[in-house]
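Here the structure is laid out as C-alpha cells; the discussion comes afterwards.
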Amino acid sequence: MADFFISHAAEDAELALQIAARLERDGLTAWIYERDARPGVPFDEQISEAIDGCAGLVVIISWDAVHRSHLVLKELRLATELGRQVLPILRGLNYDDLKDHGADDPKDFKDDEFKDLRRHGNWTFHIAGISAVTMDRDDLDKVQTALTSFVRDCVGERPAPAPEPISVPGPAAAPTRVYKLFVHYVPPPHLKSLLKADPSGARTWDLIKDDMVRIFRQLDDLLAPAQGWRGRAFVFLDVGWTDVVYRRYPELTQEANLIGRLEGSLAAQGLIGRPGGNRLVTAMTLNDVLQVIRKGMPVDLQGLLDKFLVGGAQQLYYDAPKVAEAMVRIASIGRYEPVFRFDADVLLADGQPAPEETERVRTNILRLCAHFETLAAAPDVGYFVFSGGYIPRDEENRFRARTLPPKEYRRWAIDGFATRIVQLARYSPARDPALPVELSEEDVSSFLENLWRVGAHPYRQVVSGAGLCMSDGAILDLPPFSNMCQNVVWVDDHLKYALHHELRHFGHRHGTRQVARVRDAWFQQTRHRGAPTWQDLEWHLGSYLPRLLLGCLADAFLRENPRLKLSFATASEFDEVMTSSPGAYAHALIANAGRGLVEGARQELGAHLWKLARQRMKDVLDLFGRFPNTCLERFVVGVDERDPLLPDMAPRGLRRANRDIKWKTVPPFTSRDAAERAARRHASAAQTLELAVTSLIDDFLDYLDFTGLWSDLVFAVRHQLNQRNTANAEAVPIV
C-alpha cells in the first residue's frame, strides 16, 4: 500500500501529481487516481483500499473540490473515520470560505445536530483542529515546509527534502464552467456479421480499436480548458444496442467482451476513467436504466418502449440512438452544463488534425457555449433548441448572393448544408459510375431557397450533427422522434424543433425571436472526398430522396403554417403568426399528453394527417418537378418501365406512385392496423408509397403514446443517477 493518499478534484490534478513526485523523491510512495487506478476494479474498492492502507491523506481543498467534486469530501470523511493523519491544503480558499459552504463551525451545533452533521459530511468538521496550509501563488515554501512536517508526523524522520521547489500554477482567477459533448460514433456496417464470423473477436477488435483511440486522443486535445470553460465528451458506441433493447442476451456475449476489452485498453492509456474526464457510453452502460423503467411495466407497453428505443427496426439507423443521447441530457438537467450533440466525422479529423484546426473547432464550440449562457441567463426565455452549422456566416452570405467562385460554390453546396443537393445533377443515360456529376448553380440556389415550402428551411434549420443543444424544458417536455420505423430526413433535429415551434414554445409570449442556427459557429462536414460521382447519385435516388420525401410529409404534420419557418420584417407580423392557433397534431398532443390516444381519436387524427399528406405530396411534386433534365426530375417523372435507379416505393417515378394511392379512401389507423402494417414492412424490404405514407402516420400517432413513457424514462434516469450518486458519482456512465 502507498504511504500517502492524495485527494483532489480533477481540476487540481497537476498540483496533486507535483506533490506525489515530491514525496517519491524522498523514498515515499503516494496513490493518485490519474496514475495508480487499476482498470476493471470498482472505483469505490480502490479508494477504500488505498485510504485504509495509507499513513496519511493530503487533501487539496479548492473551489472545484468544494463545488464540483463528489469524491473529495467523501475521501476526507473516510480518512478521518479511519483515524488517518490529514494535511489539508486550502488552494485559493480559507477557513471562512468552507464555513460558508454547507454548515458553520461544529462548535455552534448541539450534540444531536453535530452527529447529524457528521453523518452527512461537512468540510469544517473534518479539518477542525488541524493545521491547514493556505496556498496562494507565493506560498510554495509553506507547502513544502508543511509537507515535511506532515511526513515526520506520519512515518517518522526522513531525509531532508531536496531543495527543488514545487512548481504549480496559481489558483484560477474564476471557476471553470463545464460543457459536454455527445459524440455518436458509427462503427463499420459489417461489424455485426464480423462478430458472428470471428468468435475470437481479433479482426473486429483491430477494426475499431485504433479508431476509438484516435477519437479519445483528439478529444483530450480539443476539450482542454479555454476561456473559462472545459469540456467532457460522452462517446456513444452503439454496438449491442438493438440486442439490449430486444433482450437478446445470448447474442450480447461477444459484443460485451469486445466492449470490455475496448474499455480496458482506453482506461490503461488514461483516455477514460478519470474523474471528470471523457466517457465511453455503450448499450451495456445504459442497460441498468432500461431495467428500472421496464420493472413492473405491462407487456404491451414494453413493446411500445422497444419501438421508442430503436424505431421498431431490427437494425440501428444512423439517426436512431436518440434515446441514448437523451439520457445524457436528462442526467445533466439542473447542472447548468450545456450538452452539444456532434457526429464523430464532423467534430473530429480522420488523422492527426493540425493545431490551427483544433483551435478553430474549439473556438466554435465556445461560441455555442456563449449562446447557451446568454439564453440560459435570460429570465424571459423558457425554451431553446439551437445548433451550429456546416458553413461560415460570410460564405453563406456570398453563397446566397452567388458571388463565390464556381469551385467554392460547389464545395459549400455539397458540404455546407444538412440538406443534400447531388440529386440536382444533370441526368445522363450513360451514367458512368466513375465520372463526376454536373451541377447547375441556378438549380442548387432555387432548390435551397424554396425547400422551406415543403420541409425544413436549409438556411435556418437546426443541425443535430453540428452541436445540437436544448434547454432543460425542451428536454423534459417532448421526447425525441426516436420511434420512426423509416429513416426519415430531419429526424429529431428538425421534427422535435418543429413541434416545439408549433406549440409556440419559442418566444411568442415575451416577444423574442430565437434563432435555431448560431451562424458564427460552424463545423467542417466532408461528404465526398472528391467530386460526387454517378455511384453517389445512385444512393441519392434510391435512398436519400425517399427519406427526404417522408421528411417533407412529416413537416406538414408538425407545422401546418409554413410561415413559422420564415423571418419576420415587423413585430406585428411576428405576433400575428405566433399567436395563431397551432395545428391539429399539436392540439392532440396538448389534449392527450401522457395518456395516449383512444382508438376513436386516433382514427380522427390519422384521417387529418392523411389529408395533410395528400396536399403536401402535391406541393412536393410541384417543387421537385421544376428542375428539368436533372435526376430529381427523373425521380418525379420516371419512365414507363421500372428504373433500377429509382426506389421501390416509386419504381416508375413519384407521380405514377402517387396516382396509385387511393387518397379519397382514408385507411384505418387503429393500433391493430398499425401492427399489421409493421408486419408487412418486416416481411418484405420493398414497400409501396402508400404503405410508406400510412406507416409514417402510424409513427406520428404512436409518438403521442410515447409522451407518457417519456416521463417514466426521465424518472428512471434520474432515479439511477441518485442511487449511484449516493455511493460514487463517478460510476454513473452518463454524468
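The values are calculated or read from the model by the stated rules, or taken from the named source; none is laboratory data. Treat the numbers as computed from the prediction; the structure is a model and nothing was measured. Because the Cβ atoms are built from the backbone with ideal geometry, glycine has one as well, and the counts that use them run over all protein chains shown.
Put simply, of 670, 630, 665 the only residue that is β-branched (Val, Ile, Thr) and crowded, with 19+ Cβ neighbours inside 10 Å is 630.
Taking region 398-448 as the range and being over 25 Å from residue 517 (Cβ atoms), surrounded by 14 or more Cβ atoms within 10 Å (Cβ to Cβ) and of a type in the set (A, V, I, L, M, F, W, C) as the test, the residues that pass are 425, 437.
Within region 679-689, can one find any residue that is hydrophobic (A, V, I, L, M, F, W, C), modelled with pLDDT of 85 or more and over 27 Å from the mean Cα position of the chain (by Cα)? Yes: region 679-689 contains one or more residues that are hydrophobic (A, V, I, L, M, F, W, C), modelled with pLDDT of 85 or more and over 27 Å from the mean Cα position of the chain (by Cα). The single condition from (1) within 21 Å of residue 617 (Cβ to Cβ); (2) among the hydrophobic types (A, V, I, L, M, F, W, C); (3) crowded, with 18+ Cβ neighbours inside 10 Å that residue 704 fails is (1).
Is it the case that residue 489 is modelled with pLDDT under 90, assigned to a loop (DSSP other than H, G, I, E, B), in the same structural domain as residue 330 (by TED's automatic domain parsing) and touching a Leu at 6+ places or on another chain (Cβ under 8 Å)? So residue 489 passes the test. For residue 545, the conditions (1) part of a loop (DSSP other than H, G, I, E, B); (2) aliphatic (A, V, I, L, M); (3) closer than 27 Å to residue 645 by Cα are fulfilled apart from (1). Of the residues in region 616-635, how many are under 14 Å from residue 653 (Cα atoms), of a type in the set (Asp, Glu) and modelled with pLDDT of 95 or more? Total meeting the criteria: 1. Of all residues in region 629-645, those that are on the phi > 0 side of the Ramachandran plot have Cβ atoms under 9 Å from Cβ atoms of residues that are part of a loop (DSSP other than H, G, I, E, B) and basic (Lys, Arg), 6 or more apart or on another chain, in 638/652.
Would a scan of region 536-549 turn up a residue that is closer than 24 Å to residue 329 by Cβ, in the same structural domain as residue 417 (by TED's automatic domain parsing) and crowded, with 24+ Cβ neighbours inside 10 Å? No - not one qualifying residue is present in region 536-549.
Residue under question is residue 27, and the condition is that it be in contact (Cβ under 8 Å) with a residue 40 or more places away in the chain and on the phi > 0 side of the Ramachandran plot; does it hold? The answer is yes for residue 27. Look at (1) under 22 Å from the mean Cα position of the chain (by Cα); (2) assigned to a helix (DSSP H, G or I) and you find that residue 232 fails only one, number (2). Could you please let me know if residue 638 is in contact with an Asp or Glu (Cβ under 7 Å, 6 or more places away or on another chain), modelled with pLDDT under 95 and assigned by TED's automatic domain parsing to the domain that holds residue 712? No; evaluated as a whole, the condition is false for this residue.
Could you check, for region 45-65, whether at least one of its residues is closer than 28 Å to residue 225 by Cβ, part of a loop (DSSP other than H, G, I, E, B) and touching a residue at least 12 places away in the same chain (Cβ under 8 Å)? Yes: region 45-65 contains one or more residues that are closer than 28 Å to residue 225 by Cβ, part of a loop (DSSP other than H, G, I, E, B) and touching a residue at least 12 places away in the same chain (Cβ under 8 Å). Residues of region 462-476 that are surrounded by fewer than 24 Cβ atoms within 10 Å (Cβ to Cβ) and closer than 18 Å to residue 559 by Cα: 474 alone. Inside region 377-406, residues that are in contact with an Asp or Glu (Cβ under 9 Å, 6 or more places away or on another chain) and touching a residue at least 40 places away in the same chain (Cβ under 8 Å) make up a count of 11. When residue 341 is tested against (1) assigned to a helix (DSSP H, G or I); (2) modelled with pLDDT of 80 or more, only condition (1) is not met.
To keep it simple, each residue is scored yes or no on (1) surrounded by 22 or more Cβ atoms within 10 Å (Cβ to Cβ); (2) assigned by TED's automatic domain parsing to the domain that holds residue 366; (3) assigned to a helix (DSSP H, G or I).
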residue	(1), (2), (3)
254	no, yes, yes
264	no, yes, yes
267	no, yes, yes
271	no, yes, no
280	yes, yes, no
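Right, residue 689: surrounded by 16 or more Cβ atoms within 10 Å (Cβ to Cβ) and in contact (Cβ under 8 Å) with a residue 60 or more places away in the chain or not? Criteria not met by residue 689.
Could you tell me how many of the residues in region 66-84 are of a type in the set (D, E, K, R), at pLDDT below 85 and part of a loop (DSSP other than H, G, I, E, B)? The number of residues fulfilling the criteria is 1. Can you pull out the residues in region 460-486 that are closer than 23 Å to residue 590 by Cβ and either assigned to a strand (DSSP E or B) or touching a Gly at 6+ places or on another chain (Cβ under 8 Å) (or both)? Listed by number, the residues that qualify are 470, 471, 472, 473, 482, 483, 484.
Contact map, region 251-275: first residue on the phi > 0 side of the Ramachandran plot, second residue of a type outside the set (S, T, N, Q) and in a helix (DSSP H, G or I), Cβ cut-off under 6 Å, separation 6 or more or different chains; pairs are 273/267.
When each of 370, 349 is tested for being among the small types (Gly, Ala, Ser), under 27 Å from residue 500 (Cα atoms) and either in contact with a His (Cβ under 8 Å, 6 or more places away or on another chain) or surrounded by fewer than 20 Cβ atoms within 10 Å (Cβ to Cβ) (or both), the lone residue that passes is 370.
Screening residue 284 with (1) modelled with pLDDT under 85; (2) more than 26 Å from residue 474 (Cβ to Cβ); (3) crowded, with 23+ Cβ neighbours inside 10 Å gives one miss only, at (3).
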